[in-house]
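If you scroll down you'll find the structure; I have some questions about it.
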Amino acid sequence: MEPDMAQLLIADKALIVIFILLICLINGALIITQVKKPMFYQSVKLMMIISLAIGDIIFALFPLVVLARGFFEANPTFMTCRLSTNTTTYMSFLIHFVYGLGLVVLAAEVFLRNRIQSIHDNNYKIISAVGASSVPWILGLIIILPLCMSNVDYENYCINSQSLESMFGVSVFLPVSLSIVISIVLNCVHGPTLQQGQVIGTDLQPIIVSQQTVSQQENFHYNPLNANPYPQNAAPYPPHYPYPANQQVMNQSSTVNINLNQGASTIQVIPMNQRAEGQRLLLISILFGLMVVPIAAITLRAADIFWVDSMTKTVVTQFVFWLMAARSCLTPLIMIGYSNL
C-alpha cells in the first residue's frame, strides 16, 4: 500500500505550523513565569529552566521553520548543503544534548542546594546561576558541533563521513541515560532534614521546628531557589509557647533562617522538597528519553529494518519525528509545575 503523498504533505504543513506556534507559546509562557519571580537571575534552577526554554524556541524558529519553508515551497532551492547540515545538527543532535545535560544540572542543583549553606554574596549567586545554565550550551558547542559538522563534504553531495553511532551516542543516548540515572540517584539519596516537631538545641533555648509558624518578622532571609518566598497557610504559635517574636515562616519549598533577638545564633532549616523535585525530574527525564530515542534508534537502524510496505515505513517515521517535536511542548508544560516546587 502506497501513501498518498499529496495528503501527507497537507498533514505535514498543518502539523509543522501547529508545533511552531505551540512550542513558542508554551516555552514563552514558561520563560515569563520564571522572570516574574523575584531575583530569578540568582537561581540556578530558574536560569536553567529559562535556558532550556530558549533552546526549544530556537528549535521551533530555526529547524522547524526551515522545514516548513520546504513544505510550502514547490521548488525549495534555498536548501543549501550548509543550511541542511546546520538544521539537522541542531534538530537531531544539539538540542537533545543540551536538554539532557540541562536535566543533569537541575538534578545536581537540587542535590547541592539541600547540602550547603546559603551564599549571601549576590554577585556570586548571579555568576553561578548564569554559569551553570550555560554549561550545557558550552559543552554542546565544544563537543556536538565539531562531531557532527567537521566531516561534512560540502562540495561533494553534502556527505557526512562521521558515523551515526558516534553522533547519536554522544548527543542522544548519553545525555538521556545520564539524566535518568542521576534523577534516580536523586530520588534514592536523602540528606538529613529536620522533621516537624523536632527540637533543635541552641545555646539559648530549644526551638521546636513546625510547618506552621509565623509572627512579626524583622529579618526575612529570601531564598531565590524558592518559587514563592512568602508564607502560605501560616498560623501563629499558641500563646503558651515562649519563643521569640521574630521566628519566621517555614513552608515545604523554602529555606528558613530563625534568628534570635537575644543573640546572633542562626538556625537554617532545610526544606523537605528533594523527593518531590526528584520525582518530577525523573518523570521529565523518562519522557525526554521516550520521545527522542525512537527517532535516533530508527535512523541508526534504517538500513536493517524490513518494512512490510511503504505505508508502514511512512507512518512509523512520521510518528517518531513528530513525537520528537512534541517533546518541546510536553516537557516545558511539566517544567512550569516543577519550577514552582
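No value in this document is a laboratory result; all are computed from the given coordinates. If you're wondering where the values come from, they're calculated on a predicted model, not measured in any experiment. Note: ideal-geometry Cβ built from the backbone for every residue, glycine included; neighbour counts use all protein chains shown.
Stretch VAL181-ILE127 to full length: gain in nm at 0.36 nm per residue minus the Cα-Cα span?
Values: separation 54, 0.36 × 54 = 19.44 nm, distance 2.76 nm.
Taking VAL181 through ILE127 to full extension adds about 16.7 nm, to one decimal.
Would you mind getting me the FRET efficiency between ASN340 and LEU174? Use the beta-carbon distance for r and R0 = 30 Å, nearest 0.05. Before the final figure, lay out the partial values.
Numbers: r = 30 Å, r/R0 = 0.99.
So the FRET efficiency works out to roughly 0.50.
How much length would be gained if the chain were fully extended between GLU155 and VAL308, taking 0.36 nm per residue of separation minus their Cα-Cα distance, in nm to one decimal?
Working: separation 153, 0.36 × 153 = 55.08 nm, distance 3.60 nm.
Full-extension gain reported as 51.5 nm.
Among the lysines, which fall within straight-line cross-link reach of LYS13, defined as a Cα-Cα distance under 23 Å, with same-chain neighbours fewer than 8 residues apart omitted?
Output for LYS13: LYS313.
Please sort by residue number the trypsin sites (Lys or Arg not before Pro) in the range 20-90 whose DSSP state is loop and whose Cβ has at most 11 other Cβ atoms within 10 Å.
On the way: sites: LYS36, LYS45, ARG69, ARG82; in loops: LYS36.
For trypsin sites (Lys or Arg not before Pro) across the range 20-90 that sit outside H, G, I, E and B with at most 11 neighbouring Cβ atoms in 10 Å, the list reads LYS36.
So if R0 is 30 Å, what FRET efficiency would MET39 and PHE78 give, r being the distance between their Cβ atoms, rounded to the nearest 0.05? Don't skip to the answer; put the middle values down first.
Working: r = 44 Å, r/R0 = 1.47.
E(calc), rounded to 0.05, equals 0.10.
Evaluated at 4 °C with a viscosity of 1.567 mPa s, what Stokes-Einstein diffusion coefficient in µm²/s does the range 290-337 have when Rh comes from the Kirkwood expression over alpha-carbon pairs?
Working: Rh = 11.8 Å.
It comes out at roughly 109 µm²/s.
How much length is gained on full extension from ALA326 to LEU61, taking 0.36 nm per residue of separation minus their Cα-Cα distance?
Details: separation 265, 0.36 × 265 = 95.40 nm, distance 1.46 nm.
Here the segment from ALA326 to LEU61 would lengthen by 93.9 nm.
State the answer as a single residue: which of MET91, ALA14, ASN75 lies farthest towards the positive end of the charge dipole of the range 1-99, with beta carbon charges of +1 for Lys and Arg and -1 for Asp and Glu, about the Cα centre.
MET91
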